[in-house]
Each structure stands twice: as C-alpha cells, then as structure tokens.
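The values are calculated or read from the model by the stated rules, or taken from the named source; none is laboratory data. Note that the structure is predicted; figures quoted are calculated from it, not measured. Reconstructed Cβ throughout: ideal geometry from the backbone, glycine too, with neighbour counts over all protein chains shown. For the accessible areas, the whole protein counts, side chains as well, though only heavy atoms, and no ligand, DNA or RNA atoms are used. Shrake-Rupley method; radii C 1.70, N 1.55, O 1.52, S 1.80 Å.
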Amino acid sequence: MNTPSSVHLAKLRETLLMMSSLADRNLNLALKSLVERDSKLAETVEAEDSQLDQLEVSVDEQVIAHMALHAPVATDCRFMLVASKISNNLERIGDQAVSIARRAKELNGEPLLKPLIDIPRMGDIALNMLRDSITSFVDGKPEITAEIIKRDKIVDEINRQLARELTSYMMEDPSTITRALNLLLVSRCLERVADHTKNIAEEVYYLYQAKDIRHATV
C-alpha cells in the first residue's frame, strides 16, 4: 500500500524525469538547429524553455511541501536534497540550450566558417552524459558515475582545442570574428552542459552511496 509520503516522492521523481526529457530534447534541437542550419528549431527551443523554469519551481515546491507535511527519514531527506540539485542543473542545461539556439540563429544567417566537426562531437558526448546520469538515477546505478565524470574531461579538452583554432581564424582574418565568437560561445555552452551533467552524476552517487564525491575521485 502506498503511503502519502511515498506517493509524494514518486510525484517528485516523475517531475524530475519530465525535466530531464525536456532538457534532453531542447539541447538536441539546439544542436540540430546549428548543424542543419534550421532556425525554426532554434525558435522552438526558446519557446519551450519556460516549461523547464516552471518545472524547477514545481520541484522546489514539492520538496518544501513534503518537509512540511511529513517527517522524512534520512534517506528521504537525501532524496529531496538531491532532487532539488538535479532540478537546478537540468534548468541550467536548458538555459545553455537556449544560448546555443540563439547563436545558431545568428550563424545560420552567414556562410559557414568551417566544417562543424568538434561541436557536434561535444554535443554527442554531453547528451550521452546527460542520458547516462539520468539512467543511473532511475536504475539506481551509481557505479557508472566515474565513467560519466571522465567524459567531462574529454569535453573540456575539445573546448580548449577549438578555442585555439578559432582564435587563429580571428587573428588571420578579422572578417571571421563574429562567426568565430559565436562558435566559441556554443563550445563554451556545451562545456558547461557537460559540467552540469557531471554534477547530476555526482548527486546520484551521493543519493545511493551517501558519499559526497564532488571534490574527490570516485
């Protein structure tokens, strides 16, 4: 028999999964808008971002309500703390998707500066990090956290490499500055997305193992 407390926690979990699905969709659409040079997809991302904002508020309200109406045990308290932090990171991933979409709209109006190879690669890694971190949350698999965190370092390195390449473009030809800067911003957004997904993975580890690894190696 489901207790009011368990029903409340199940609803909170469901809200988080809705957020993760929307964050995944918006990031994917933002990347497609850039790669396929389709600004309508970018506009969809901008229009849907408010849903993530509303869901984040809903998570916080549900956490507060549960604390007020029930006497949560330690494991439930840990779940609610983690839920709030995961929600915050998902909302920020949505914000980065909007930033990518806006840069895509600007880039789509100009000739392609260079073949898009590194940015789609970063995007694929970041998306898979997000999906795997949510899978670890849903399936209770904190053991995959270490592998997710390692992928964040790959994204960091691609970001640094791309920054060096685009800086060279700008120095050699000032007419490329606007396009190069927009690509730099997209790269930086993806680096931040990877950071947020790493944060989610670390929170999942804390949820199931009751150990904080944010400043340590798993």
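For the set Met170, Met67, Met19, solvent exposure ranked by accessible area (probe 1.4 Å, protein chains only) runs largest to smallest as Met67, Met170, Met19.
With springs only between Cα atoms under 10 Å, which of Leu181, Leu16, Leu207 fluctuates most in a Gaussian network model of the chain? Highest fluctuation among the options: Leu181. A dipole drawn for region 55-126 from +1 and -1 charges on Cβ atoms has a positive end, and of Ala104, Ile64, Met80 the residue lying farthest that way is Ala104.
Beyond 30 Å between alpha-carbons counts as too far, so tell me which of Lys40/Lys114; Lys32/Lys153; Lys105/Lys141; Lys11/Lys153; Lys11/Lys150; Lys32/Lys198 fall in that bin. The pairs that break the limit, which is 30 Å between Cα atoms, are Lys105/Lys141; Lys11/Lys153; Lys11/Lys150.
Heavy-atom accessible area for Glu36, with the other protein chains in place and a 1.4 Å probe, reaches approximately 110 Å².
The relative contact order of the chain, computed from alpha carbon pairs under 8 Å that lie at least 6 residues apart in sequence, is 26 percent. Modelled spin labels at Met171 and Arg13, positioned 7 Å past Cα toward Cβ, are 5.4 nm from each other. Rolling a 1.4 Å probe across all protein chains gives Asp49 an accessible area of roughly 20 Å².
Assuming charge only on the beta carbon of Lys and Arg (+1) and of Asp and Glu (-1), the dipole of the chain about its Cα centre is about 300 debye to the nearest 20. Of the residues Met18, Met129, ranked by 1.4 Å probe accessible area with the largest first, the sequence reads Met18, Met129. Magnitude of the charge dipole for region 117-218, about its Cα centre and with charges confined to Cβ atoms of Lys, Arg (+1) and Asp, Glu (-1), is about 80 debye.
Can you compute the FRET efficiency between Leu181 and Glu147 using 1/(1 + (r/R0)^6), with r the Cβ-Cβ distance and R0 = 35 Å? Round to the nearest 0.05. About 0.55, to the nearest 0.05.
Label positions at Lys40 and Asn128, each projected 7 Å from the Cα along the C-beta direction, are separated by 3.1 nm. The solvent-accessible area of Thr197, taken with every protein chain present and a 1.4 Å probe, is close to 0 Å².
On the basis of the beta-carbon distance and an R0 of 41 Å, Glu157 and Leu69 show a calculated FRET efficiency of 0.30. Per-residue 3J(HN,Hα) values for region 23-29, derived from phi via the Karplus relation 6.51 cos²θ - 1.76 cosθ + 1.60 with θ = phi - 60°, read 4, 4, 4, 5, 5, 4, 5 Hz in sequence order (x marks Gly and Pro). Only helices enter the 222 nm calculation for the chain: every DSSP H run of n ≥ 4 contributes -39,500 (n - 2.57), and dividing by all residues gives -30000 deg cm²/dmol, rounded to 500.
Placing +1 on the Cβ of each Lys and Arg and -1 on the Cβ of each Asp and Glu in region 155-218, which of Tyr208, Leu162, Val186 has its Cα farthest towards the positive end of the resulting dipole? The listed residue farthest towards the positive side: Tyr208.
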